[in-house]
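Presented below is the structure to which this report refers.
We did not get these values from a lab; they are worked out from the coordinates using the rules stated. None of these values were measured; they are calculated from a predicted model. Neighbour counts run over all protein chains shown; Cβ positions are idealised from the backbone, glycine included.
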């Protein structure tokens, strides 16, 4: 999955004392796009370095995180920034094919969540004053009313519904074009298990049972923490598809499952696990056994 970057290691502790060095990667963001050098032939990705941007007044750089010993900083730019060899790319472009090094792609997936939080919390939502940054933790603090704002993580579920030797596959009506599983956000007041039941019912009209946890994945594009579950259809297996959200929902035999083109997502890993594992079971802690 996208976060599997070993032997590299994401260190996301907040460090307000961090200062950019000449080789620090600078994440310049504008309207959902990052300034990057992408070599289409070699399939490589590179961020501008602090030393590459000496002609710009990079004031108020914001520390984001470290990967190994590289410290990444954020700068709110605009698409008029020109740097030879670099261009602005959106996150959809980074999902089209594999780019090396992989941990730089993961850096973008992680940075987009923090960047959008910083850009969306410039002003206090309670009194309208301009927020400042905490000096001790990753938080915004309103100097007028004292409201503290932390980054929000949205819980969401990915659901592999099984019917004997078949898996329920879906395709979204708009957006992502490849096979997917039932998915959705947890609503206020419900458990994630209740989210599984509700989302499956809303999207396909099916009842489920034997809900068991598989694995989680951070998905910064939507500020998510994705939680994967497998479950079994309960009773009638007739699908009643939500046509406002889906264009496809069918039971597919494991040998006929077509996987997504990239192995970045929890969804694809769950489909792959079912496709190639004829004896998928779970222990009492929710981890799968072969």
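Compute the long axis of helix 102-120 from its Cα atoms, compare it with the longest principal axis of the Cα atoms of the chain, and write down the angle in degrees, 0 to 90, nearest 10.
Once rounded, one gets 70 degrees.
Over the stretch 1-48, with a single point scatterer placed on each C-alpha, what log10 of the ratio I(q)/I(0) does the Debye formula yield at q = 0.21, 0.30 1/Å?
Each listed q corresponds, in turn, to -1.17, -1.11.
What residue among 263, 40, 187 shows peak mean-square fluctuation when the chain is described by a Gaussian network model with Cα springs under 10 Å?
40
Measure nothing but the geometry: give the 0 to 90° angle between the long axis through the Cα atoms of 192-204 and the longest principal axis through the Cα atoms of the chain, rounded to 10°.
70
Taking the Cβ of each residue in 198, 95 as the centre, tally the other Cβ atoms inside 10 Å and list the residues starting with the fewest.
Fewest to most other Cβ atoms nearby, the residues stand as 198, 95.
With each label point set 7 Å from Cα along the Cα-Cβ vector, what nm distance links residue 172 and residue 68?
A separation of 3.3 nm, rounded to one decimal place.
What FRET efficiency would be calculated for the residue pair residue 247, residue 23, taking the C-beta separation as r and a Förster radius of 45 Å, to the nearest 0.05?
After rounding to 0.05, the efficiency reads 0.45.
Cα centroid distance between the stretch 161-194 and the stretch 73-109, in Å?
Cα centroid to Cα centroid, the span is 29 Å.
Relative to the longest principal Cα axis of the chain, at what angle does helix 266-276 sit, 0 to 90 degrees, rounded to 10?
Once rounded, one gets 40 degrees.
As a check on your grasp of the helix formula, calculate [θ] at 222 nm for the chain: sum -39500 (n - 2.57) over DSSP H runs of n ≥ 4, divide by the residue count, round to the nearest 500.
On the way: 4 runs with 47 residues, N = 290.
About -5000 deg cm²/dmol.
Which of 90, 39, 236 moves most in a GNM of the chain, Cα contacts under 10 Å?
Checking each option, the largest mean-square fluctuation is seen for 236.
Could you line up 185, 73 from fewest to most neighbouring Cβ atoms inside 10 Å?
Going from least to most buried by this count: 185, 73.
Identify which of 93, 178, 37 has the largest mean-square fluctuation in a Gaussian network model of the chain, with springs joining Cα atoms closer than 10 Å.
93
Taking 7 Å along the Cα-to-C-beta vector as the label spot, tell me the residue 57-residue 44 distance in nanometres, rounded to one decimal.
3.5
FRET efficiency for residue 11 and residue 152, Cβ-Cβ distance as r, R0 = 25 Å, nearest 0.05? Intermediate values should be presented prior to the final figure.
Values: r = 21 Å, r/R0 = 0.85.
It comes out at approximately 0.75.
Sort 149-156, 228-235 by the packing proxy (mean of other Cβ within 10 Å over each peptide's residues), most packed first.
Most protected by this proxy first, the peptides run 228-235, 149-156.
So what is the diffusion coefficient of the stretch 10-119 in µm² per second by Stokes-Einstein at 20 °C and 1.002 mPa s, using a Kirkwood Rh over Cα pairs? Walk me through the numbers on the way to the answer.
Details: Rh = 14.1 Å.
For these conditions, the coefficient is 152 µm²/s.
Grab the beta carbon distance between residue 37 and residue 127, set R0 = 41 Å, and tell me the FRET efficiency rounded to 0.05.
0.45
As a footprinting exposure proxy, order 147, 209 by other Cβ within 10 Å, with the fewest listed first.
Details: 147 15, 209 10.
Final ranking by Cβ density, sparse to dense: 209, 147.
Short version: what are the Cα gyration tensor semi-axes of the stretch 195-276, square root of 5 times each eigenvalue, largest first, in whole Å?
Ellipsoid half-lengths, sorted descending, are 21, 16, 14 Å.
Convex hull over the alpha-carbon atoms of the chain: what's its volume per residue in Å³?
Values: hull volume 48.7 nm³, N = 290.
Convex hull volume per residue, Cα atoms: 168 Å³.
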